[in-house]
1. Order of 158-171, 73-86 by packing, highest average Cβ count within 10 Å first?
2. For the chain, state the average projected area of the convex hull of the C-alpha atoms over all orientations, rounded to one decimal in nm².
3. Using a Cα-Cα cut-off of under 12 Å, which aspartates and glutamates could be cross-linked to K19, ignoring same-chain neighbours fewer than 8 residues away?
4. Cα-Cα over 21 Å: which of K140/K178; K87/K148; K118/K178; K50/K118; K118/K180?
5. Give the calculated FRET efficiency between S54 and E189 to the nearest 0.05, with a Förster radius of 41 Å applied to their Cβ-Cβ distance.
6. Which distance in nm do the two modelled labels at T27 and E2 give, with both placed 7 Å along the Cα-to-Cβ direction?
7. Kindly provide the helix-only [θ] at 222 nm of the chain, computed as the sum of -39,500 (n - 2.57) over DSSP H runs of four or more divided by all residues, to the nearest 500 deg cm²/dmol?
8. If I take R0 = 41 Å and measure r between the Cβ atoms of R94 and L68 in this structure, what FRET efficiency does the formula 1/(1 + (r/R0)^6) give, to the nearest 0.05?
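Computed from the coordinates by the stated procedures, all read-outs in this text should not be read as laboratory data. In this text the structure is predicted, and so the values were computed from the model without any measurement. FYI the Cβ positions are ideal-geometry reconstructions off the backbone, even for glycines, and counts take in every protein chain you see.
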Amino acid sequence: METVPLLEELAGEIRGCPKCRLAETRTCAVPGEGSASARIMFVGEGPGEKEDLSGRPFVGAAGQFLNLLLQEAGIERRDVFITNIVKCRPPQNRVPLLDEVAACNDYLMAQIAIIQPKFICPLGGPSLNTLLGPHLRITKVRCQVFRKSGILYIPLFHPAAALHRQELQSTLRADILKLKELIHREIREDEIIDLSPRAKPTRECAPSTVSQKSASEVASDNLSLF
Ligand code: SF4
């Protein structure tokens with residue numbers, strides 16, 4: 001099946017999801033949006049107030065700042081896919097709890113399996129720790145290139161953090177310019193920190209359809225790779 005209907009079907013599942021306590025307080029779940037064939041996927045922490053009200057990711061101040069930085073770097077937002085580690089807003093924008101992240105993880109893994117991006121950019125610490133491990137610190141590893149299961153990861157500061165701490169803005173701006181440079185050239189092996197040297201690339205083992213498999217089944221096919 002084509003990736004667009006697969007993503008739409010998954011988004012429908014997310015919008016009705018009751019799997020964690022965040023379902024009780026959300027206005028709208030926010031599945032994510034962008035190109036179904038995106039080479040770059042940005043993964044933030046969770047929806048904020050504007051995202052919760054609109055059902056769309058990164059539409060508040062942080063999203064506008066990200067749009068500006070992407071525009072300056074010559075990256076079209078419509079060409080990337082943007083989502084979060086949890087699809088529903090945590091109350092008062094608190095950091096998602098571990099059980100909420102775990103409950104939502106199948107959806108993120110299914111999105112990755114369907115889109116098969118070449119690059120994933122975790123935005124901020126919680127996304128970094130969910131995708132690459134709890135031992136990493138965003139301040140230490142931002143803009144470094146990791147490989148896990150055949151996908152390249154380039155962690156970046158979350159744009160909301162850059163809005164709150166002005167000194168981070170120039171760093172994030174420079175990192176997104178570096179991202180633009182990296183996605184347009186061959187990355188040397190000595191530039192990559194390989195976190196899964198024995199894992200098979202996910203690009204070779206995408207599920208054929210979500211219609212025949214639930215999100216959790218699609219994700220469990222791929223979870224071992226993350
Ligand atoms: S945060 Fe994720 S797991 Fe929790 S209710 Fe929303 S979609 Fe479901």
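1. On the way: 158-171: 16.2, 73-86: 19.4.
Per-residue Cβ counts within 10 Å, averaged per peptide and sorted highest first, yield 73-86, 158-171.
2. Numbers: hull surface 45.7 nm².
Averaging across all directions leaves 11.4 nm² for the Cα convex hull.
3. Counting by Cα, and skipping residues close in sequence, K19 has these aspartates and glutamates nearby: D99, E100, D106.
4. K87/K148; K50/K118
5. About 0.45, to the nearest 0.05.
6. 3.2 nm
7. Working: 10 runs with 96 residues, N = 226.
That calculation yields -12500 deg cm²/dmol at 222 nm.
8. Result of the calculation: an efficiency of 0.95.
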